[in-house]
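> Have a look at this one before I ask anything.
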Amino acid sequence: MRIAMLGVKQLPSASGVEKVVEEVGSRLVERGHAVTVFTRDHLSHDRAPSYRGMRLRPTWSIPTRHLGASLNAIAAALSVHPDTDVVHVHTTNFAPAVGILRVRGIPVVVQSHGLDWQRAKWGRGAAAAYFQASDSFSRLWSNGFVVVSETLELAYREGGGQPAICIPNGIAASPAESREQLAAFGLAGRRHMLFAARLAPEKGCHVLLEAFARLGRDDIDLVVAGDDVHEDEYSRALRAQAGPRVHFVGAVLGAPFRALVQHAEVFVLPSELEGLSNGLLEAMAAGRAIVATDLPENREALGNTGKLFPVGDPTALEQVLGALLDDPAKRAALGDAARRRVFARYDWDATTAIVERTYRDAIAHARPFSNPALT
């Protein structure tokens, strides 16, 4: 098959969607398919023309937070080669692009990585309303609709349209990394806990910073490994809030990131909203003790192998972290249980096989485009 993927900033990247594209796309190439990934031109300067066998196609984009992604998706939809067998759109935010592709006669699979309109940064105004409407139309117009967790599948079940197909993110075994790599982050001889996510309000880094400050311990540091493409008031406020034992290291990839995860005393996921966190799965695979917000998606992934706390509650987070840091046996037991659970439930090869089958079904059952909302 000739496959195109939309909704990607750049490759490689530390972000969640890009991780899915990297792992699934490269495995599709190994299965004999041709994969083209459309990226944002303004983020892709000096990048190689291909990555892990996938062709990279930087497409016109502008560096704005609110319009850049949607305009890039429209440009990509207009640029997709007409002989493409299927396009995989990795967000529900791009209904106009989905419509363009369907009008052009190209089958489309849309994937929801989370209920994006609920993100705190959109508030309750026009932006949130647009993304909710885009979610509905993307699902309605697609030839296949995919979600990353059973929790999301349930959330969409009453929304009308075709049923959502649950294809969870995966995990793969990683090589062990040495502690020596931590020196580059100022962590030589230091213990650390890890936050690894975008610096956006819904990821809850501000809650973790407050809880960490309340701990008042000098025997552990906090590493914030987060993508900050559009430096804004929120990310600047995080740095102003942070104390001397907080290390903002930016987006980290490859062996250095694995070292940060593998040697963390605790991995913390304080999100207000999730789909299925790749960072969480990687921390589970590394056998780390995990503290996460009490969200259905996190409960689905962790089962009883992690510690949960109420969303937005720094006092509760402080108490959970303090107890775990004082109990190495508990951390080890939770980490071992998390490792066993994640490798029993999540696998990139299995994920790729289901994605491939979903593409074939979408192509086989494609029909000429019409908009049911207008009939």
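The values are calculated or read from the model by the stated rules, or taken from the named source; none is laboratory data. Treat the numbers as computed from the prediction; the structure is a model and nothing was measured. Here Cβ is always computed from backbone atoms with ideal geometry, including for glycine, and neighbour counts include all displayed protein chains. Areas reflect the complete protein model, heavy atoms only, side chains present, ligands, DNA and RNA absent. Shrake-Rupley method; radii C 1.70, N 1.55, O 1.52, S 1.80 Å.
> Starting from the 7 Å offset along Cα-to-Cβ, what nm value, one decimal, do you get for the label separation of Trp60 and Met1?
2.9 nm
> In whole Å, what are the extents of the chain along the principal axes defined by its C-alpha atoms, from largest to smallest?
63, 44, 40 Å, listed from the longest principal axis down.
> Long-range amide H contacts for Val89: which residues qualify at under 5 Å (H placed 1.01 Å from N, peptide plane, sequence gap of 5 or more or a different chain)?
Here Leu6, Val109, Val110, Gln111 satisfy the definition.
> Also, I was wondering about something else. Tell me the label-point distance for the pair Ala129, Ser178, using the 7 Å Cα-to-Cβ offset, in nm and rounded to one decimal.
For Ala129 paired with Ser178, the spin-label model returns 5.9 nm.
> Taking a temperature of 4 °C and a viscosity of 1.567 mPa s, what whole-number D in µm²/s does Stokes-Einstein yield for the range 1-72 with Rh from Kirkwood over alpha carbon pairs?
106 µm²/s
> List the extent of the Cα atoms of the range 294-375 along each of their three principal axes, largest first, rounded to whole Å.
The Cα atoms of the range 294-375 stretch 62, 33, 13 Å along their principal axes.
> If you average the alpha carbon positions of the range 336-355 and of the range 262-307, how far apart do those two centres end up, in angstrom?
If we compute the Cα centre of each part, the gap is 14 Å.
> Counting only protein heavy atoms, what percent of the accessible surface of the chain is carbon or sulfur at a 1.4 Å probe?
Heavy-atom surface of the chain belonging to carbon and sulfur, 1.4 Å probe: 52 percent.
> Moving to a separate point now. Ordered by residue, what ³J(HN,Hα) values in Hz, to whole numbers, does the range 36-41 give under the Karplus form 6.51 cos²θ - 1.76 cosθ + 1.60, where θ = phi - 60° and Gly and Pro are x?
Couplings: 10, 10, 8, 10, 8, 4 Hz.
> Separate question: Could you tell me the number of lysine pairs in the chain with C-alpha atoms less than 24 Å from each other, where the two lysines are 8 or more residues apart or belong to different chains?
Qualifying lysine pairs in the chain: 8.
> Tell me, what ³J(HN,Hα) does each residue in the range 287-303 have, in order and in whole Hz, if you take phi through Karplus 6.51 cos²θ - 1.76 cosθ + 1.60 with θ = phi - 60° and put x for Gly and Pro?
Those phi angles translate into x, 8, 6, 10, 10, 9, 5, 7, 9, x, 5, 6, 5, 4, 6, 7, x Hz.
> Moving on to the next point. When DSSP beta bridges are limited to those with both residues in the range 1-94, what percentage is antiparallel, rounded to the nearest 5?
The answer is about 15 percent antiparallel.
> Using a 1.4 angstrom probe, figure out how much accessible area the chain has per residue, in square angstrom, rounded to the nearest whole.
That works out to 42 Å² for each residue.
> Mean residue ellipticity at 222 nm from the helices of the chain, using -39,500 (n - 2.57) per DSSP H segment of n ≥ 4 over the full residue count, to the nearest 500 deg cm²/dmol?
-12500 deg cm²/dmol
> How high is the relative contact order of the chain, in percent, with contacts defined as C-alpha pairs under 8 Å that are six or more residues apart? Spell out each step's value before the answer.
Numbers: 718 pairs, mean separation 61.3, N = 375.
Normalised by residue count, the contact order of the chain is 16 percent.
> Shifting gears a bit: Whole angstrom only: what separates the Cα centroid of the range 1-62 from the Cα centroid of the range 144-220?
22 Å
> Looking at the chain, which longest stretch skips every one of the GluC sites (Glu not before Pro) that is in a DSSP loop with at most 16 other Cβ atoms within 10 Å, leaving the sites themselves out?
The longest uninterrupted stretch comes out as 1-157.
> Can you list the trypsin sites (Lys or Arg not before Pro) in the range 195-232 that are in a DSSP coil and have 15 or fewer other beta carbons within 10 angstrom?
Arg217
> Now, a different point. With r as the distance between the Cβ atoms of Arg340 and Ala213 and R0 = 30 Å, compute the FRET efficiency 1/(1 + (r/R0)^6) and round to 0.05.
0.30
> Given the whole protein assembly as supplied and a 1.4 Å probe, what does the accessible area of Lys9 come to in Å², nearest 10?
Here the accessible area works out near 50 Å².
> What would the Debye formula give as log10 I(q)/I(0) at q = 0.15, 0.22 Å⁻¹ for the alpha-carbon point model of the range 147-265, no solvent?
-0.80, -1.19
> Same structure, new question: Using the eigenvalues of the Cα gyration tensor, what equivalent ellipsoid semi-axes result for the range 36-115 when each is taken as the square root of five times the eigenvalue, whole Å, largest first?
19, 17, 12
> Amide H neighbours of Cys166 under 5 Å, counting only residues 5+ apart in sequence or on other chains, H built in-plane at 1.01 Å?
Here Val147 satisfy the definition.
> Collect residues whose amide H, placed 1.01 Å from N in the peptide plane, falls under 5 Å from the amide H of Thr59; neighbours closer than 5 in sequence don't count.
The list, which skips near neighbours in sequence, is Thr39, Arg40, Asp41.
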